[in-house]
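The structure under discussion appears below in the form of structure tokens.
The values are calculated or read from the model by the stated rules, or taken from the named source; none is laboratory data. This structure is a prediction, so every number in the text was calculated from the model and none was measured. FYI the Cβ positions are ideal-geometry reconstructions off the backbone, even for glycines, and counts take in every protein chain you see.
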Amino acid sequence: MALSDLNGIDVFVATVQAGNFAQAADAMQVTRSAVAKSIARLEARLGTRLFQRTTRSQQLTEAGALYYQHCLRALEEIRAGEAALEEGRTQVAGRLRVSLPVLFGHLCIAPILLELARQHPALALDLQFSDRTVELHEEGIDLAIRIGALPDSGDLVARPLGEHRMAICASPAFMAGRNAPDSVDALRALDAVAYSRRGQVVEWKMRMEGEPQVLRPDARVLMDDLQGVADAAVAGLGVAWLPYWLVRDALQQGRLLEVFPAASSAVYPIHAVWPRAAHLPLKTRVAVDALLQQLPARLLDVEAGRTGVR
């Protein structure tokens with residue numbers, strides 16, 4: 001096989017992962033025509049159709065699905081080779097692709113990684129903000145930040161970075177003339193602003209005197225965006241169950257109060273996750289080290305900002 005025979009494989013894999021030619025073109029910053037021509041040349045060289053095309057979409061043929069799996073393995077070998085070459089290097093270089101939860105990523109992770117890039121001019125960042133669980137191998141992601149329990153996976157390596165807690169909070173204006181709740185029933189009686197995910201209200205998980213308690217709020221205001229929930233709570237529309245890292249400033253400035261501190265809230269682990277490989281690239285190792293060093297302090301700053309109604 002000539003080296004030129006590898007041409008088009010990256011476009012093919014990007015097209016499969018994007019779902020169609022147009023989205024692949026956007027991701028690769030080329031024209032749709034360039035993607036289509038690259039796929040056509042690859043199909044001509046292979047002597048088989050890789051996609052079954054319609055006017056609205058294209059799906060892999062059986063041959064295309066088989067070829068895609070082989071391409072993924074080949075790309076993994078190339079990445080492993082690049083990682084092996086990086087061993088012994090002292091300069092942090094290359095493009096680091098990171099998948100981040102949207103709000104937590106913006107507020108807590110991105111500042112650390114941006115400072116890392118400032119310190120290492122040869123390091124390039126591709127930060128992808130999404131609350132879905134990405135497939136690291138298939139989507140070419142070097143590092144992902146995940147909140148909550150992790151499923152078992154032999155293909156991934158996970159490193160705990162810390163944990164975050166939740167706060168039951170409301171604005172001073174909302175609590176004016178009201179007693180702070182001292183039980184789950186009292187909390188249930190207050191107007192609530194709640195977060196929904198995929199059409200389902202997210203339950204509030206707490207512990208009282210060591211016993212787990214779960215509240216499914218009958219929300220006056222329901223949103224599928226945590227920042228929107230926080231804004232509504234600050235505006236005085238009700239009690240909300242929110243991460244400390246999101247409401248840190250509002251708690252410290254008195255725009256929100258923690259109204260039920262006796263109910264120690266749920267704790268969620270935070271992990272850095274990356275594809276298992278024989279050699280960990282220097283760029284990934286340095287990023288994980290920076291997060292290990294700096295993220296716990298940021299979360300402690302959040303805890304230190306707690307204030308509340310007694």
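So which of R248, R276 is among the basic types (K, R), within 19 Å of the chain's Cα centre (by Cα) and either surrounded by 20 or more Cβ atoms within 10 Å (Cβ to Cβ) or within 25 Å of E138 (Cα to Cα) (or both)? So that I can check it myself, show each step before the final result.
Numbers: R248 fails: within 19 Å of the chain's Cα centre (by Cα).
Checking each option against the conditions leaves just R276.
Yes/no per residue for (1) in contact with a helix residue (DSSP H, G or I) (Cβ under 6 Å, 6 or more places away or on another chain); (2) not in a helix (DSSP H, G or I):
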position: V229; (1), (2): no, no
position: L237; (1), (2): no, yes
position: R248; (1), (2): yes, no
position: R255; (1), (2): yes, yes
position: A262; (1), (2): no, yes
position: I270; (1), (2): no, yes
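It is to be established whether one or more residues within the range 88-95 are at pLDDT 95 or above, out of contact with any Cys (no Cβ under 6 Å at 6 or more places or on another chain) and closer than 23 Å to H279 by Cα. Steps first, answer last, please.
Just the residues of the range 88-95 that are at pLDDT 95 or above, to begin with: none.
No, the range 88-95 contains no residue that is at pLDDT 95 or above, out of contact with any Cys (no Cβ under 6 Å at 6 or more places or on another chain) and closer than 23 Å to H279 by Cα.
Restricting attention to the range 280-310, which residues are outside any helix (DSSP H, G or I) and either at pLDDT 85 or above or touching a Leu at 6+ places or on another chain (Cβ under 9 Å) (or both)? Before the answer, list the steps.
Going through the range 280-310, the residues outside any helix (DSSP H, G or I) turn out to be 280-281, 305-310.
If the condition is that a residue be outside any helix (DSSP H, G or I) and either at pLDDT 85 or above or touching a Leu at 6+ places or on another chain (Cβ under 9 Å) (or both), then P281, G305, R306, T307, G308, V309 are the ones that fit.
One line per residue, one yes/no per condition, for (1) under 19 Å from E135 (Cβ atoms); (2) modelled with pLDDT of 80 or more:
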position: V16; (1), (2): yes, yes
position: A25; (1), (2): no, yes
position: M28; (1), (2): yes, no
position: T31; (1), (2): no, yes
position: K37; (1), (2): no, yes
position: T48; (1), (2): no, yes
position: F51; (1), (2): no, yes
position: T54; (1), (2): no, no
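Being at pLDDT below 90 and on the phi < 0 side of the Ramachandran plot is the filter here, so list the residues in the range 185-216 that pass it. I'd like the intermediate steps shown before the answer.
Filtering the range 185-216 down to residues at pLDDT below 90 leaves 197-200, 206-213.
Of everything in the range 185-216, those that are at pLDDT below 90 and on the phi < 0 side of the Ramachandran plot turn out to be R197, Q200, M206, R207, M208, E211, P212, Q213.
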For the range 139-214, which strands (runs of 3 or more DSSP E) that fit wholly inside it have 2 or more residues that are within 18 Å of the chain's Cα centre (by Cα)?
143-147, 156-170, 193-197
